[in-house]
Every structure is written in structure tokens, then in C-alpha cells.
Amino acid sequence: MEKIGLVRTRDGRNFLVPFILITSLFFLWGVAHSILDVLNKHFQDTMEITRTRSALIQAVVYGGYFVMALPAGRIIRRFGYRTGVLTGLVLYGIGALFFIPGGRIQSFEFFLLALFVIGCGLTCLETASNPYVTVLGEPEGSERRINLAQSFNGLGWICGPLAGGFFLFAGGGDVTTPYAVLGTVVLLIAVVFSRVKLPEISREAEAQEENSGKSLWKTASFMAGLLSLFLYVAAQTGINSFFINYATENAGVSAHKASVWLSFGGMGLFMAGRMGGSWLMRFVKGEKVLAACAAGAVVCMAAVMLLPGEVGWYFLLLCFLCESIMFPTIFSLSLRQAGARTKQASSYLIMSIVGGAIAPILMGFIADHVSMAAGFVIPLICFVEILGFAVRYRKL
């Protein structure tokens, strides 16, 4: 495969600065998502709720994606990428600061409301940032750019469980401090973005979007990608949500130690995989890398179910490496034939993240009635379909 510039177009335009600014946002929503996995176990212990009920933590955040995705897309199409980013940062910051009164009230329902607001903010950030990164350079480099940017999302996934594990398990169950700090930082970053002008890309194409002849719903690669992204987020969220449960119940690891393993082990492999995947896609087509990773994830989930214990836990850690490139690669492949409807397509793809609201509840129900290991049949099914998408992509 021909090597091309990452953020430089053939006509000489260089998008390095906007690429760096937008990439910083990937870190922020990585932190927001990953700290949920620690919060899940924390609320099980402190509020004495079932695993099925604790899964509502993920359900309300990812439910926010379903509710806010289309409005976010309209905001971005009408006012531009920067307005979408600012809207997301403000909602994210306000939702995080809600944890301050939440810590005093100690109401599970109030925490769910705060998390829903955060989810709405994250929706705006992802709806703006993911497609924006794909167009900051030549189309051939879109999978590389989004995987590199998503590597910093992986860094956020490392920091979230580490900070959450310290405050919630080793620090006496302090749920207020990490969110208060996070909310303050996010709002300060919003001030920075309010004073920075981001270039709008392909305005001519966007002006023709409403009159584009081909419907997204008749674009096979987009429809298949939409389903695959829904299932990927379902699988990823389910695995992350019950990683600590699996470690404590099946591998004899303490909750605090498991949160550290989740941070440096699982999320470390996740970040390394995204960085490595961005490099590998200079030489290998994205759909081929995706197929190999999906096949590896299927094997890992089968081992987690059939070999519960220390061996299964090692395969659970290895699955994070297999997952690493899936979201950005599926996202980019789904947009490849969207043409002038890229922003509209992005809204629907972000909407599919609602899959993360469903899998944890299903896995929690299976865990409560059968076993924690059996619950991982849900991500197993998801990875089988993603493997099929990658294998047949060239024929779509």
C-alpha cells in the first residue's frame, strides 16, 4: 500500500494543529468511559445493588448517545465542528460537577442523572471529532488518522480506572473528588476551544448533502458498519463493565488490584494495539487488520467462558489488544462510501453506540442467574458478526 502523509493533503494543506487539538478530546472521553467500569463495582458494594441494577450506570451514559446523536449532528451541520465540540465539553463538565451534590445526597438515581448528562456531552464530542479526524488529510489515510487519535482515547482508558480505583477502593470510597476535578478541567478546556478557530472541511460537499442522490440506507457498507459498530460497543462495554467482577469471582483478585490490572494491563494493551494498528495500516488494508483482530477476540471470549479462572482471566486481558482497532476502523470503513453525507452518517454511527446500554444489562442478568463467565457469551456473539463484516467488506 502506498505511503501517504498523515495530516497533509496533496495540494499542500497541513492540518497538524487542528489534528492535535481534536485528538486531545479523545483522551477526555476515554477517561469518562473507563471510570464507569470502576464505578460499577463501587456502587454494587456501597449501595448493595445487584449486578443487573449496577449496569444501569452504563445504560444511562450510552442511552445519552441514542438521545443526543441526531441533535448533535444537526448542531454540527448547521454551526460547524467547533460548536459541536463546545456543546459537548459544556455538557460533560456540568454532568461531572453534578457529582458534588450527588456525593452528599447519596442517591443512585441522582448519579444516573449526572451520568446521563455526561453521556449527552460525550455524544456531541464524538459526533464532531470522529468524522473530523477522518477528513484532516487524504482519504487513503483516514483509518490511520482515526486509529492514531483513538490511541489517546486509549490513554484515557488507562487513567480512568487508575484514578477511579485509587479514590473508590483505596481512598475510602470518595466518588466526588475525581469527578469534581474532571468537570473543572473539562470546562477550562471548553474556554480554550471557545477562543480557537477550527477549519471547516469540504464545505462545498456539505452544501450538496441534502440533495445527494444516494441514500445512506441503500449503502451496503454503511448499513453493515452501523450494525457492527452497535455490536462492538456492546461487546466492549460489557467486557469492561464486568472485568472486575470476573477477576474477583473467578480469578481470586481483589477489586483494587483488578482495577490496576484493568488500567495498566487491559487498557495498556488497548492503547498499544491502537498505536500499532495505526502503523500497520500503512501497509495492510484496514478491513484485513479488523478481520484478524475479530478472530482473536472470538478465541479470547471462548476461553473466558470455557476456562473460568486464572487462564480465562489472561485471555480476558488479551482481548483488549484484539479490541483496540475495532471502533475506529469500523467507523472509518462505514464512512468510506458516505461521500457528501459524512456528517449525517456520523450521527447515525454515534447513535449506534447505544449498544453499550444493552449488553451490560444482559450480561448482568446472565451473571445473576447463571454465572459471570456465562455472561461473556454476549460479546462472543458480537465479535462473530464483526468478523463477518470484515471478511465480506470488499464485496459490500
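Rounded to the nearest 20 debye, the dipole size of the range 248-381 about its Cα centre is 720 debye, using +1 on the Cβ of Lys and Arg and -1 on the Cβ of Asp and Glu.
The percentage of C-alpha pairs in the range 214-361 whose separation is greater than 26 Å is 30%. Peptides 174-186, 85-97, 119-131 ranked from most to least packed by the mean count of surrounding Cβ atoms within 10 Å: 119-131, 85-97, 174-186. Restricting the calculation to Cα atoms, the range 82-148 shows an Rg/Rh of 1.20 when the hydrodynamic-style radius is the Kirkwood one.
When +1 charges are put on Lys and Arg Cβ atoms and -1 charges on Asp and Glu Cβ atoms, the dipole computed for the range 22-171 relative to its Cα centre reaches about 320 debye. For the chain, the pair-distance distribution built from all alpha carbon pairs, in bins 20 Å wide starting at 0, is 30, 60, 11, 0 percent. Please work out the Cα center distance from the range 1-53 to the range 66-90, rounded to the nearest Å. A separation of 17 Å, based on Cα centres.
Taken over the range 114-183, the alpha-carbon convex hull comes to 87 cubic angstrom per residue.
Taken over the range 33-167, the alpha-carbon convex hull comes to 110 cubic angstrom per residue. Measuring nothing but how far apart in sequence close Cα pairs (under 8 Å, 6+ apart) lie, relative to its length, the chain scores a relative contact order of 27 percent. Sorting Trp217, Trp313 from the fewest to the most surrounding beta carbons within 10 angstrom yields Trp217, Trp313. The Cα trace of the range 321-369 gives Rg and Dmax of 14.7, 48 Å, the first to one decimal, the second as a whole number. Of Ser34, Ser129, Val60, which is farthest on the positive side of the dipole of the chain, counting Cα position, with +1 on Lys and Arg Cβ, -1 on Asp and Glu Cβ, and the Cα centre as origin? Final value for the positive-end residue is Ser129.
Across the range 306-316, rounded Karplus estimates of 3J(HN,Hα) from the backbone phi angles (6.51 cos²θ - 1.76 cosθ + 1.60, θ = phi - 60°) give 8, 10, x, x, 5, 5, x, 5, 5, 5, 5 Hz, Gly and Pro being marked x. Taking the charge dipole of the chain about its Cα centre, with +1 at Lys and Arg Cβ atoms and -1 at Asp and Glu Cβ atoms, the residue from Ser347, Thr184, Ser142 reaching farthest to the positive side is Ser142. Each of Ala235, Ala374, Leu387 was scored by the projection of its Cα onto the charge dipole of the chain, and the greatest displacement toward the positive side belongs to Leu387; charges sit on the C-beta of Lys, Arg, Asp and Glu.
Where a ≥ b ≥ c are the square roots of the eigenvalues of the C-alpha gyration tensor, would you call the range 1-75 rounded, which needs a/c under 1.5, or, failing that, prolate if a/b is larger than b/c, or oblate? Judged from the Cα gyration tensor, the range 1-75 comes out prolate (a/c at least 1.5, a/b above b/c). Under the convention that each Lys and Arg Cβ holds +1 and each Asp and Glu Cβ holds -1, the size of the dipole of the chain around its Cα centre is about 1220 debye. Rounded if a/c is under 1.5, else prolate if a/b is larger than b/c, else oblate: which is the range 151-197, with a ≥ b ≥ c the root eigenvalues of its Cα gyration tensor? Taking the square roots of the gyration eigenvalues as a ≥ b ≥ c, the range 151-197 is oblate.
Looking at the square roots a ≥ b ≥ c of the eigenvalues of the Cα gyration tensor of the range 307-396, which shape do they give, rounded for a/c under 1.5, prolate if a/b is larger than b/c, or oblate? It is prolate, given that a/c is not under 1.5 and a/b is the larger ratio.
Any read-out appearing in this document is the output of simple, stated calculations on the displayed coordinates, not a laboratory observation. Keep in mind it's a predicted model, so treat the numbers as computed, not measured. Methodologically, a virtual Cβ is constructed for each residue, glycine included, from the backbone with ideal geometry; neighbour enumeration extends over all protein chains shown.
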